[in-house]
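Asker: After the structure tokens below, expect a handful of questions from me.
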């Protein structure tokens, strides 16, 4: 079999190469778009759409005009961006953990699945963002509430994917673990969860996007810091260049988050994509 | 553990007494096995053959402790089987679903071995020995899915060997590989049986395979499965794919087993309910 000699690193290198070529094309087109925008807004000035050059100047001022002691980072970065990102990460970690554990329990038990299925379907139909007012009443307006809200929003996607991943594990695999008398804990962490990992990761990927979304939404009300809070401030003071600067920063943040998830997935699930490529 | 104490031949290892199994109840009840009794002694290679859908898989799941029979009992090494017993390993037909695709070959073989089996060095020695016994030296660091079907099943066999079971159950292990690979794997079973002194229960629907491998062939009837005949196979060892199969005794035995299966067995009127 000639394919049996394909080594894992080659695939990863090829994957990264594909990724960078894709990135270059996309990036080239983005530059063209920015140039068109610049030209159009200089030709016909608009109050709402400042030229990219001005957004860039405002961004530099907003984010990188701090004291040398803070590596020139302003409070917008050290307080607002750091606040949003840390709450987002915490919420993501808590929500994913709960989702994986509950999803595994539900996926393993037919009875639990029949009991929870309609409830899960019903509850997850409520747009998570709509539950923010409820979270505020129940938990107050502090960071704990925001983290709980993000975790809640993330949890559904991880839970549903984990449940279906675990439920679809073939009986032979479980029987194999049983006949070798593998303990419950080892079976859970070294057989069931790895076997469901491709599906779990699909949930984590959506969850990571949702965590940023929920983090921003949670800061639109009662916040004292965070990117969402700064967006509202810019809106209230009609600082259009500030507003655009924050949006550009969010785009970069979201892009970095996706790339990070993709890199982790390539590493953790290398066996899965390689196994598929041989089928 | 009793696993490492040598046993003399002809000691009773597996005893199946009046086992019966019915799935479900009421009108939808399906009776898979009816009053089945047999026993296996140490060092024997016994094959079980029967028409497809004859409850062979149900029987194996009961023997492996994965399923509790509705009637009767199973004892392994004198102890009644209530859960999955110690000292038993199973090789499944569906090797690609039995091996862990995220672990390399060596890690798959090491996977069932715990600290109870021995030190890390001891476990690695067992794994290397087992992989050598199935002829997979040099493939330790490949993933299972990089290997052909026959090689994957050899990994599964090595994994069972390294576990050092007293009884090895094989559930139609070669049903999904091509004929050439199949005869090679049959001879592998005979070789490891001689090398490891393993007691093996081999379930198959292939009559030639059942006769070629075994000391005894247990022929099952159509469901509800019961024992039709315990056929003693008096063929000389070592066996050979060509000369053994030319032996008039082999030809006679496979014909005999085939007739028993075609007849579906002399089903007593009492169980035709």
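Bear in mind these aren't lab numbers, they're just calculated from the coordinates by the rules spelled out. None of the values given here were measured: they were computed from a predicted structure. Cβ: placed from backbone, ideal geometry, glycine included. Neighbour counts: every protein chain shown.
Asker: Just to confirm the number: angle between the C-alpha axis of helix B:179-196 and the first principal axis of chain B, 0 to 90 degrees, nearest 10?
Answerer: Rounded to the nearest ten degrees, it is 80.
Asker: What order do you get for B:79, B:222, B:56, A:186 when you list them from fewest to most C-beta neighbours inside 10 Å?
Answerer: On the way: B:79 12, B:222 18, B:56 23, A:186 15.
Listing B:79, B:222, B:56, A:186 from fewest to most nearby Cβ atoms yields B:79, A:186, B:222, B:56.
Asker: With a/c under 1.5 counting as rounded, go ahead and sort segment B:1-109 into rounded, prolate or oblate using the C-alpha gyration tensor (a ≥ b ≥ c being the square roots of the eigenvalues; past the cut-off, prolate if a/b is larger than b/c, else oblate).
Answerer: Numbers: a/c = 1.95, a/b = 1.17, b/c = 1.66.
In terms of gyration-tensor shape, oblate.
Asker: Angle check, please: helix B:248-263 long axis (alpha carbons) against the longest principal axis of chain B (alpha carbons), in degrees 0 to 90, nearest 10.
Answerer: 60 degrees
Asker: Classify chain A as rounded, prolate or oblate, taking a ≥ b ≥ c as the square roots of the eigenvalues of its Cα gyration tensor: rounded when a/c is under 1.5, otherwise prolate if a/b is larger than b/c and oblate if not.
Answerer: Numbers: a/c = 2.59, a/b = 1.50, b/c = 1.73.
It comes out oblate by the Cα gyration axes.
Asker: Between helix A:193-218 and chain A, what is the angle of the helix's C-alpha long axis to the longest principal axis, kept within 0 to 90° and rounded to the nearest 10?
Answerer: Approximately 20 degrees, to the nearest 10.
Asker: Of B:24, B:50, B:87, which is the most mobile in a GNM of chain B whose springs link Cα atoms less than 10 angstrom apart?
Answerer: Among B:24, B:50, B:87, the largest GNM mean-square fluctuation belongs to B:24.
Asker: Something else: Taking chain B as a Gaussian network, where each spring joins two C-alpha atoms under 10 Å apart, which residue of B:249, B:116, B:106 fluctuates the most?
Answerer: Looking only at B:249, B:116, B:106, the biggest GNM fluctuation is shown by B:116.
Asker: Pairs of Cα atoms under 8 Å, at least six residues apart: use those to get the relative contact order of segment B:77-222, whole percent. Could the numbers behind the result be given before it?
Answerer: Values: 180 pairs, mean separation 42.4, N = 146.
The normalised contact order for segment B:77-222 reaches 29 percent.
Asker: With springs connecting C-alpha atoms under 10 Å apart, model chain B as a Gaussian network and identify which of B:65, B:138, B:83 has the largest mean-square fluctuation.
Answerer: Most flexible of the set in this elastic network: B:138.
Asker: Take the alpha carbon gyration tensor of the protein assembly as shown, find the square roots of its eigenvalues, order them as a ≥ b ≥ c, and report rounded if a/c is under 1.5; if not, report prolate when a/b exceeds b/c, else oblate. Provide the component values of the computation, followed by the final result.
Answerer: Working: a/c = 3.14, a/b = 2.37, b/c = 1.32.
Note, shape of the protein assembly as shown comes out prolate.
Asker: Related question: To the nearest Å, what is the center-to-center distance of segment A:177-243 and segment B:46-124, using C-alpha atoms only?
Answerer: Measuring centre to centre over Cα atoms gives 40 Å.
Asker: Taking the highest mean first, how do the peptides B:209-220, A:66-77 order by number of other beta carbon atoms within 10 angstrom per residue?
Answerer: Working: B:209-220: 23.7, A:66-77: 13.4.
Descending packing order for the listed peptides: B:209-220, A:66-77.
Asker: Now for a different question. Can you show me the helix-derived [θ] at 222 nm for chain A, built from DSSP H runs with n ≥ 4 at -39,500 (n - 2.57) apiece and divided by the number of residues, rounded to the nearest 500. Show your work: numbers first, answer last.
Answerer: Working: 12 runs with 209 residues, N = 279.
-25000 deg cm²/dmol, from helical runs alone.
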